[in-house]
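The values are calculated or read from the model by the stated rules, or taken from the named source; none is laboratory data. Note that the coordinates shown come from a computational prediction; the quantities given were computed from them, not determined experimentally. Because the Cβ atoms are built from the backbone with ideal geometry, glycine has one as well, and the counts that use them run over all protein chains shown.
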Amino acid sequence: MKKRRHKFPENFIWGTATSSYQIEGAFNSDGKGPSVWDTHSHTKGKIKNNDTGDIACNHYSYWKEDCKLLNDLGVNAYRFSTSWPRIFPKGIESKPNMLGLDFYSRLVDTLLDYDILPFLTLNHWDIPQGVEDLGGWPNRNIIDYYLEYTFSLSKHLGDRVKNWITHNEPWCISYKGYIEGDFPPGIKNNWSKSIATTHHLLLSHGMAIPEIKSNSKGAEVGITLNLTPAVPASKSTYDFDECIRFDGVFNRMYLDPLFKKSYPKDIIDWLMKDNLINKSDVDILSEKDLDIIGTDADFLGVNYYSRAIVRNKDIPKEKNLPVEIKSSEKTDFGWEVHPESFYKLLTRIKDDYSIKKIYITENGCSYKIGPDKNKIIDDNKRIDYHSSHILSLKKAIKNGVPCDGYFAWSLMDNFEWCEGFQQRFGLIWVDFNSLERIPKKSYFWYKNLINKNGAEE
Ligand code: FCB
């Protein structure tokens, strides 16, 4: 007997995602000001091969062709981000740059002509350098500038864009920007700035919700988090405790304030005990602010790529038990392929936080394989990755996870931050010299899957 395949819910959204700095290029065209990522990539040694997003996929010129590729793919939604310094070149002007707004307005109109829902992310990291120069995210004043930008964009596009994402992956901004220091502004081990960044990102999210809604009738507003489930590497209590801390810093630090109106006490206590922050840093995390942070959002965007196997590095070797968890296969980026953790993550957030709606705003993998002499790109491993994760998602939905959509990262190969053009996540191959776009095998596979609403043969 033929096995019955579960389909996804009717009206399930199938999309792909990109972000402005990673694809647009045109870094100084039509009045655009420099973003922190322009500054970062123009600083020698920050990015592999000193690659920059100056040109990237030149989506700023190729946007019509890219919309056509989206339409041919059959997606019913497309997640992209707007570049804040295209709209407010320094971030502090009183009037928006109309040329920047017009670009996004044309893009939105074209998507809608194709019946593709625009999912617009307001901050996918490329904030104006002008705002950074005034203190960036650690300075509370940034919230006013961010709200100006948000207001202006929703005023101009809110009649047509009904799905808004306030921020992409606040963890990356506050941890990679202020603890690891590989992201702009490149500051290391400054917990005080990192915590302030987290708080101001979340607070500005809460404050932006009513503002966007006032400009965009019937709009849905949410935030996207990168959530990484963690497992201890061994049965050692050291690894176990480290794993709880990892989960706190990575996941609960964002989920708790958004959905429980509090920061995780164990993390704040640890930072205080180790003198990594002081009382004045904690004082800014006021109840009043937390009330705004916890404003009822319409959805949570979840980005999932991999799990973490956590080892406590500070414990003397002899006290650590041998690693018990073996990593599964890895992608070309070295990220473990672990669809089971995707399922676990989704059911955990359903159980621990009462979230009414989830969109998977990113999920994908990097494989370098390129075109053969017939321009065929046989990226079977990418197909396997998406297929296994979509299966986990299907199981999660069946078990009550309220997920309404899935966005594959990414529509096309692009500038992968500090990795430059070395990592390729696209369903479409991009030749970064000629800018030719060639759909990969995974593109056709995804098209077929969408056509059957997720029912795979
Ligand atoms: C996520 C980012 C996205 C992309 C993928 C691979 O963390 O949001 O821009 O770089 O990773």
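Overview of results
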| read-out | value |
| --- | --- |
| Checklist (1) more than 16 Å from the ligand (Cβ to nearest atom); (2) without any contact (Cβ under 8 Å) to a residue 40 or more places away in the chain applied to SER174, failing item | (1) |
| Complete set of residues in region 14-37 that are under 21 Å from ASP102 (Cβ atoms), outside any loop (DSSP other than H, G, I, E, B) and away from the ligand (no atom under 13 Å from the Cβ) | SER35 |
| Close pairs (8 angstrom Cβ cut-off, 6 or more residues apart or separate chains): within 15 Å of the ligand (Cβ to nearest atom) in region 294-318, of a type in the set (Asp, Glu) and part of a loop (DSSP other than H, G, I, E, B) anywhere | ASN303/GLU169 |
| Qualifying residue in region 279-289 (condition: in contact with a Lys or Arg (Cβ under 9 Å, 6 or more places away or on another chain) and assigned to a loop (DSSP other than H, G, I, E, B)) | yes |
| Meets criteria (within 30 Å of GLY136 (Cβ to Cβ), within 16 Å of the ligand (Cβ to nearest atom) and not in a loop (DSSP other than H, G, I, E, B)) for TYR60 | no |
| THR110 being out of contact with any Cys (no Cβ under 7 Å at 6 or more places or on another chain) and of a type in the set (Val, Ile, Thr) | no |
| Matching entry among TYR104, TYR78 (being more than 16 Å from the ligand (Cβ to nearest atom) and among the aromatic types (Phe, Trp, Tyr)) | TYR104 |
| Members of region 272-289 that are over 21 Å from LEU203 (Cα atoms) and of a type outside the set (S, T, N, Q) | MET272, LYS273, ASP274, LEU276 |
| Failed item in (1) away from the ligand (no atom under 16 Å from the Cβ); (2) in a loop (DSSP other than H, G, I, E, B); (3) in contact with a Phe, Trp or Tyr (Cβ under 6 Å, 6 or more places away or on another chain), with LYS395 passing the rest | (2) |
| Subset tally (residues that are touching a strand residue (DSSP E or B) at 6+ places or on another chain (Cβ under 8 Å) and exposed (fewer than 14 other Cβ atoms within 10 Å of the Cβ)) for region 345-384 | 2 |
| Flag for ILE325 being modelled with pLDDT under 95 and either in contact with a strand residue (DSSP E or B) (Cβ under 8 Å, 6 or more places away or on another chain) or within 17 Å of THR198 (Cα to Cα) (or both) | yes |
| Residue pairs meeting the criteria (Cβ under 9 Å; at least 6 apart or on separate chains; first β-branched (Val, Ile, Thr), in region 215-241; second in a loop (DSSP other than H, G, I, E, B) and within 16 Å of the ligand (Cβ to nearest atom)) | THR224/HIS124; THR224/GLU169; THR228/TYR304; THR228/TYR305; THR228/SER306; THR228/ARG307; VAL231/ARG307 |
| Counted residues, region 125-138 - those being away from the ligand (no atom under 16 Å from the Cβ), touching a residue at least 40 places away in the same chain (Cβ under 8 Å) and either at negative phi or not in a loop (DSSP other than H, G, I, E, B) (or both) | 8 |
| Looking only at region 403-450, and only at residues there that are among the basic types (Lys, Arg) and in a loop (DSSP other than H, G, I, E, B), the one that is nearest to the ligand (Cβ to nearest atom) | ARG424 |
| From the options THR121, THR166, residue that is within 23 Å of PHE27 (Cβ to Cβ), β-branched (Val, Ile, Thr), in contact (Cβ under 8 Å) with a residue 12 or more places away in the chain and crowded, with 22+ Cβ neighbours inside 10 Å | THR121 |
| LYS68 being among the basic types (Lys, Arg), modelled with pLDDT of 95 or more, part of a helix (DSSP H, G or I) and surrounded by fewer than 23 Cβ atoms within 10 Å (Cβ to Cβ) | yes |
